[in-house]
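Asker: A single structure is presented below for examination.
Only the coordinates and a few stated rules stand behind these numbers; no lab work does. Note that the structure is a prediction, hence the values are computed from the model and not measured. Every residue, glycine among them, receives a Cβ derived from its backbone with ideal geometry; neighbour counts consider all protein chains shown.
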Amino acid sequence: MLDEYDYPDDGHIVFAMDQFIGEPEYWNRGIGSSFLKKMTDHLKTHLAAERVLLDPHQNNIRAIRPYERAGFKRITPLPGHELFEGEKVDCWLMELVL
């Protein structure tokens, strides 16, 4: 997986995660932020994670804002990285250092 992102394998314990809140009635309730905090705490505490990666679509500001509030940093663009509804979309590789 690290090769897919051209992410350096420098000996850190790295996890990647993906989450999706699809039902609009659950948006803007803090569910995503709460999930991020609980999941990253779990990865660090129970699995010794040192880094966590995400790859949101570049135009998904609704997702990127809470990721950045949680401490994730955009580290590199991923052009045409994901097939979404029949089209290749650009993503960001984002990283949280724990």
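Asker: For segment 25-47, enumerate the residues that are aliphatic (A, V, I, L, M) and either surrounded by fewer than 11 Cβ atoms within 10 Å (Cβ to Cβ) or touching a Gly at 6+ places or on another chain (Cβ under 8 Å) (or both). Break it down into steps so the answer makes sense when it comes.
Answerer: Of all residues in segment 25-47, those aliphatic (A, V, I, L, M) come to 31, 36, 39, 43, 47.
Of everything in segment 25-47, just one residue is aliphatic (A, V, I, L, M) and either surrounded by fewer than 11 Cβ atoms within 10 Å (Cβ to Cβ) or touching a Gly at 6+ places or on another chain (Cβ under 8 Å) (or both), namely Leu47.
Asker: Consider His81 carefully, then state whether it is surrounded by 15 or more Cβ atoms within 10 Å (Cβ to Cβ) and either touching a His at 6+ places or on another chain (Cβ under 9 Å) or more than 19 Å from Ile21 (Cβ to Cβ) (or both). Talk me through it step by step, then tell me what you get.
Answerer: Values: surrounded by 15 or more Cβ atoms within 10 Å (Cβ to Cβ): yes; either touching a His at 6+ places or on another chain (Cβ under 9 Å) or more than 19 Å from Ile21 (Cβ to Cβ) (or both): yes.
Yes, satisfied.
Asker: While we're looking at this one, here's another question. Pairs under 6 Å by beta carbon, first residue assigned to a strand (DSSP E or B) in segment 84-97, partner of a type in the set (Gly, Ala, Ser), six or more apart or different chains?
Answerer: Lys88/Gly80; Leu96/Gly71
Asker: Among the residues that make up segment 15-30, is at least one of them without any contact (Cβ under 8 Å) to a residue 40 or more places away in the chain, assigned to a strand (DSSP E or B) and among the aromatic types (Phe, Trp, Tyr)? Give the steps one after another, and end with the answer.
Answerer: Narrowing segment 15-30 to residues without any contact (Cβ under 8 Å) to a residue 40 or more places away in the chain: 15-30.
Now narrow it down to the ones that are assigned to a strand (DSSP E or B): 15-16.
Restricting the remaining residues to those that are among the aromatic types (Phe, Trp, Tyr) gives 15.
Within segment 15-30, one or more residues are without any contact (Cβ under 8 Å) to a residue 40 or more places away in the chain, assigned to a strand (DSSP E or B) and among the aromatic types (Phe, Trp, Tyr).
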